[in-house]
1. With the Cα gyration tensor of segment 173-286 giving a ≥ b ≥ c as the square roots of its eigenvalues, does the rule (a/c under 1.5 for rounded; else a/b larger than b/c for prolate; else oblate) give rounded, prolate or oblate?
2. Grab the Cα-Cα distance for residue 80 and residue 226, subtract it from 0.36 nm times how many residues apart they are, and report the gain in nm with one decimal.
3. Which shape class applies to segment 221-287: rounded if a/c is under 1.5, otherwise prolate when a/b exceeds b/c and oblate if not, where a ≥ b ≥ c are the square roots of the Cα gyration tensor eigenvalues?
4. With 10 angstrom as the radius, rank 167, 175, 64 by how many other C-beta atoms surround their C-beta, starting from the fewest.
5. Once label points are set 7 Å from the Cα along Cα→Cβ at both residue 279 and residue 73, what is their separation, rounded to one decimal in nm?
6. Per-residue counts of other Cβ atoms within 10 Å, averaged by peptide: what ranking do you get for 187-194, 201-208, highest first?
7. Once you keep just the Cα pairs under 8 angstrom separated by 6 or more residues, what percentage relative contact order results for segment 135-226?
8. Using 7 Å Cα-to-Cβ label points, what is the residue 251/residue 27 separation (nm, one decimal)?
Ligand SMILES: [Zn+2]
């Protein structure tokens, strides 16, 4: 039973990274270059975690077939979810330009040169969830908030699964994965809060949503630990599956979001830094 509590605690700590990111976003909004760098770090952490740790661990435990099938299943699953469920990606700013001018001092002041102001190419706007709506600000914000929340849940649940599966594999491995994901979540929290600010949300609401967004991770972690304590043989497949999901999300969402505002070199440097962070952390944890 203590393992359930440990996993809960670990995944909450990992999830709190987004709250920290949200706080950073409203206290001192990063410029475009820093945004590219930070999102690059988030991507680099995920890529190296997925390949070097999750998939490789599955490979060592259960052979190449399990690792390959688990990885492919995770990536395909994510592709299907991505196509079937309407949601917003990180850094998307649907509905910009429709909101009335923000005037209260409570409002975010990040309307000026928030990253991506000109970079938004309308990806996913084809879904038509926003676009021409003339709904009042509140409704639009609510819609934006709901879509962002769905996007984040889709994104963060698998990270929780990664924490749960890693812990089921080996507690020390779980600690390591949780720490890496906590760091990865800081830029994600920033990317969650910024578009909300831009859409006219209050600072404290943007922070609150960023904070709550990370707390979907414990849900994934709990599902994983309960499921895997009943089916221990599936631990390697679950690790590889989480790896596949994370690689898909990173390539499909994080890297494009990071590069959306130019400064590609900074994104590349960020990816390298994120990978180095994982290497060092892996060394420290001895996993
Ligand atoms: Zn993430």
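Only the coordinates and a few stated rules stand behind these numbers; no lab work does. These figures come from a predicted structure and were not determined experimentally. We place every Cβ from the backbone using ideal geometry, glycine too, and count neighbours over all the protein chains shown.
1. Numbers: a/c = 2.05, a/b = 1.37, b/c = 1.50.
It comes out oblate by the Cα gyration axes.
2. So the extension gain works out to 50.1 nm.
3. Here segment 221-287 falls in the oblate category.
4. 64, 175, 167
5. According to this spin-label approximation, the distance is 3.3 nm.
6. So the peptides 187-194, 201-208, ranked by packing, come out 187-194, 201-208.
7. Over segment 135-226, the number comes to 47 percent.
8. Simple spin-label model gives 3.7 nm for this pair.
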